[in-house]
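Asker: Below is the structure I would like to discuss, written out as structure tokens.
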Amino acid sequence: MNHKNAAVLITIVAFTILTLSILKRSSRTSESGKKIIGILQTASHPALDAVRKGFVDVIRADGNNNITYIERNGQGVISNIHAIAQQFHAQDKADIFFTIATPATQAMVAVEQDKPVIMAAVSLSLDSPLFEATNLCGISDMIDVSAEIDAMKKLLPTIKTVGIFYNNGEINSITMAQLMVNALQKTDITPLLIGVSSEVEIEPALLSAMPKVDAIITPIDNMVATSIALIVHIMEKVQKPLIVSDNMLVKEGALMSRGIDYYASGKQAGKIAIDIVMNNKTPDVINIIKSSTKQIFVNKQVAQKYNVIIPQDLEKDIIFV
């Protein structure tokens with residue numbers, strides 16, 4: 001076979017493979033008639049699991065059988081999360097992406113600039129560069145930090161110094177920790193930043209800080225959520241109260257939280273997905289929706305342990321767990 005004929009044959013084979021690939025993809029979409037949502041979850045813990053459940057539940061409740069899912073979980077490992085995002089983008093199977101928590105959202109937006117990305121459980125301030133992505137929309141769970149500090153002060157009126165325990169490798173945690181510093185200073189409470197980057201650092205960092213603080217407060221933080229049993233154990237050992245920003249962690253032994261209902265956030269994100277699939281809305285129209293709540297979750301047993309008296313002006317907002 002001469003070079004000319006070989007070149008023609010190669011061209012024909014390449015064209016045939018490309019055509020079959022396109023036909024296969026078109027066939028998948030047209031035969032099933034379904035939209036595929038790629039779900040990328042940062043890690044497994046109750047709050048993020050509740051987000052995923054709320055998302056799927058609201059789509060099912062809508063009676064929408066037009067949507068199927070490809071679910072992946074990074075298990076808290078950043079390299080895993082980025083690898084999954086790359087696979088989602090390269091395989092080109094999903095029509096829409098749903099990302100749960102900041103690391104998953106950052107990884108997905110870094111590789112996917114065209115298809116809609118719906119986020120939830122992201123705690124960055126709305127001026128974050130992440131939100132400049134025109135294909136990103138969803139639910140921000142940035143809490144009202146000043147309101148949480150105010151509730152904490154009313155429940156624990158004698159505290160003078162509060163340690164802010166956070167993951168210094170997680171951008172949303174860093175952002176919220178700084179907001180807590182500012183809010184505490186405005187109420188004449190001295191803040192003490194306690195940053196760690198791994199679970200093995202948690203116990204020595206907390207025990208070192210204990211003589212200097214009257215209580216510990218944590219921002220919304222994936223490492224805090226996955227290590228809550230250890231953190232609660234340490235706080236019980238030193239007999240000092242723990243305030244969290246994730247309502248679901250109160251039942252684990254924290255005193256209080258004025259945070260976010262993650263199941264409700266997932267449902268809100270699911271409604272956005274329905275709007276995109278059924279009503280052809282685009283992320284730039286939907287933009288970022290901020291979660292809001294006035295509920296204060298209080299662990300009744302822990303409150304009794306520290307002789308906490310519920311102020312009358314908070315009673316209507318308190319939910320005991």
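Asker: Taking every DSSP beta bridge that has both residues in region 106-213, what percent is antiparallel when rounded to the nearest 5?
Answerer: Once the DSSP bridges in region 106-213 are tallied, antiparallel ones form about 0 percent.
Asker: Calculate how steeply helix 3-32 sits against the longest principal axis of the alpha-carbon atoms of the chain, using the helix alpha-carbon long axis, and give the answer as 0 to 90 degrees to the nearest 10.
Answerer: 50
Asker: Can you list, largest first and rounded to whole Å, the semi-axes you get for region 146-232 by taking the square root of 5 times each eigenvalue of its Cα gyration tensor?
Answerer: Ellipsoid half-lengths, sorted descending, are 20, 14, 11 Å.
Asker: With respect to the cross-link table entries Lys115/Lys290; Lys186/Lys251; Lys186/Lys281; Lys154/Lys212; Lys53/Lys186; Lys160/Lys294, which display a Cα-Cα separation exceeding 31 Å?
Answerer: As for pairs spanning more than 31 Å Cα to Cα, those are Lys186/Lys281; Lys53/Lys186.
Asker: Here's another thing I want to ask about it. By average Cβ neighbour count within 10 Å, what is the ranking of 253-260, 175-182, 134-141, 59-66 from highest down?
Answerer: Packing proxy ranking, top to bottom: 253-260, 134-141, 175-182, 59-66.
Asker: What do you get for GluC sites (Glu not before Pro) in region 136-240 restricted to DSSP loop and a cutoff of at most 14 other Cβ within 10 Å of the site's Cβ?
Answerer: none
Asker: Let me ask another. How long are the three semi-axes of the equivalent ellipsoid for region 162-321, computed from the Cα gyration tensor as the root of 5 times each eigenvalue, in whole Å, largest first?
Answerer: 30, 20, 15
Asker: Oh, and also: Once every DSSP H run of n ≥ 4 in the chain is given -39500 (n - 2.57) and the sum is divided by its residues, what mean residue ellipticity at 222 nm do you get, rounded to the nearest 500 deg cm²/dmol?
Answerer: -14500 deg cm²/dmol
Asker: I'd like the antiparallel share, as a percent to the nearest 5, of DSSP beta bridges with both residues in the chain.
Answerer: Rounded to the nearest five, the antiparallel share is 5 percent.
Asker: Could you state the angle between the C-alpha long axis of helix 102-111 and the longest principal axis of the C-alpha atoms of the chain, as a value from 0 to 90 degrees rounded to the nearest 10?
Answerer: On a 0 to 90 degree scale, this one is about 20.
Asker: OK, next. Highest GNM mean-square fluctuation, the chain, Cα pairs closer than 10 Å: which of Ala273, Ala94, Ala225?
Answerer: In this elastic network of the chain, the residue with the biggest mean-square fluctuation among Ala273, Ala94, Ala225 is Ala94.
Asker: Next question. How big is the chain in terms of Cα radius of gyration and Dmax, in angstroms?
Answerer: 23.5, 92
Asker: Could you derive backbone 3J(HN,Hα) for region 153-161 from the dihedral phi with the Karplus parameters 6.51, -1.76 and 1.60 (θ = phi - 60°), listing whole Hz in sequence and x where the residue is Gly or Pro?
Answerer: With the stated coefficients, region 153-161 comes to 5, 6, 7, 10, x, 9, 5, 10, 10 Hz.
Every number here is computed from the coordinates shown, using simple stated rules; none is lab data. This one's a predicted model, so the numbers in the text were calculated from it and none came from an experiment. Counting neighbours? That spans all protein chains shown, and the Cβs are built from the backbone with ideal geometry, glycine included.
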